[in-house]
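K.L.:
For reference, the structure I am asking about is given below.
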Amino acid sequence: AMDGYRGFLGLLVSALLVGFLSVIFTLIWVLHYRGGLGWDGSSLEFNWHPVLVVTGFVFIQGIAIIVYRLPWTWKCSKLLMKSIHAGLNTVAAILAIISLVAAFDFHNTLQIPNMYSLHSWVGLIVVILYMLQLLLGFSVFLLPFAPLSLRAFLMPIHVYSGLFIFGTVIATVLMGVTEKLIFSLQNPAYSTLPPEGIFTNTLGLLVLLFGGLIFWIVTRPQWKRPKEPNS
Ligand code: ASC
């Protein structure tokens, strides 16, 4: 049991480190290479898009997925843990919405077309799915009204949907990073492997690794919260 616990802690610290580093890399990308942050319709406003997505939709959602796995919380009430899970996902959803406003606002100000790229299609779909997942999870699992039979039926679907959404967010981030680098790196071009290209490719690898670590942690059966009888 102690061995499993130490393995868990090692992976948890790694995930937190890689997730935190992803946020830092995103900040360095927009602050050092992309002119900084602002809210004026310019590319500085767009820069909030990657910052809020990586902070909320990737990092905070990833933590929300594994809160039930933290062994020192197994004595906490299930309702408290559900509230933390729902609260983190709500914060992530709000940041995701603001990140969309930043992208659309920037496009509309500079008359750049909306919703033509695969990144934008998959990204909008996954934000909508995330809101539905949040609403369904809140009303069925957090509020006390749903019967146990409905909870038991929906739980595997909720778990599958959550992991599908999280994986799709990671894929969408990789597409977004790629298209932004192709758009903005012109002189010198992305194809000449300039420092910003190498740095931001590395950011993509960090986000992918974070996803892999969260997926590993959440799929270990021995790290699941012990189920209370009648719940
Ligand atoms: C809940 C909850 C669970 C599941 C279970 C149905 O609301 O806390 O563990 O639903 O009751 O599988």
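K.L.:
Return the only residue of 161, 149 being modelled with pLDDT of 95 or more, among the polar types (S, T, N, Q) and within 13 Å of the ligand (Cβ to nearest atom).
P.N.:
Exactly one residue qualifies, and that residue is 149.
K.L.:
Which condition number in (1) surrounded by 13 or more Cβ atoms within 10 Å (Cβ to Cβ); (2) β-branched (Val, Ile, Thr); (3) under 28 Å from residue 16 (Cα atoms) is the one that residue 219 fails?
P.N.:
Residue 219 satisfies all of (1) surrounded by 13 or more Cβ atoms within 10 Å (Cβ to Cβ); (2) β-branched (Val, Ile, Thr); (3) under 28 Å from residue 16 (Cα atoms) except (1).
K.L.:
Which one is farthest from the ligand (Cβ to nearest atom), of the residues in region 106-146 that are assigned to a helix (DSSP H, G or I), surrounded by 11 or more Cβ atoms within 10 Å (Cβ to Cβ) and among the β-branched types (Val, Ile, Thr)?
P.N.:
The selected residue is 109.
K.L.:
Quick one: is residue 188 surrounded by fewer than 18 Cβ atoms within 10 Å (Cβ to Cβ) and either within 16 Å of the ligand (Cβ to nearest atom) or at pLDDT below 95 (or both)?
P.N.:
When the stated conditions are applied, residue 188 does not pass them.
K.L.:
Here's something else I'd like to know. On the basis of being closer than 28 Å to residue 130 by Cβ and within 16 Å of the ligand (Cβ to nearest atom), does residue 180 make the cut?
P.N.:
So residue 180 does not fit the description; no.
K.L.:
Across region 11-54, what is the total count of residues that are closer than 17 Å to residue 98 by Cβ, of a type outside the set (Ser, Thr, Tyr) and part of a helix (DSSP H, G or I)?
P.N.:
Number satisfying all stated conditions: 13.
The values are calculated or read from the model by the stated rules, or taken from the named source; none is laboratory data. Note that the structure is predicted; figures quoted are calculated from it, not measured. Please note: Cβ atoms are built from the backbone with ideal geometry, for glycine as well, and neighbour counts cover all protein chains shown.
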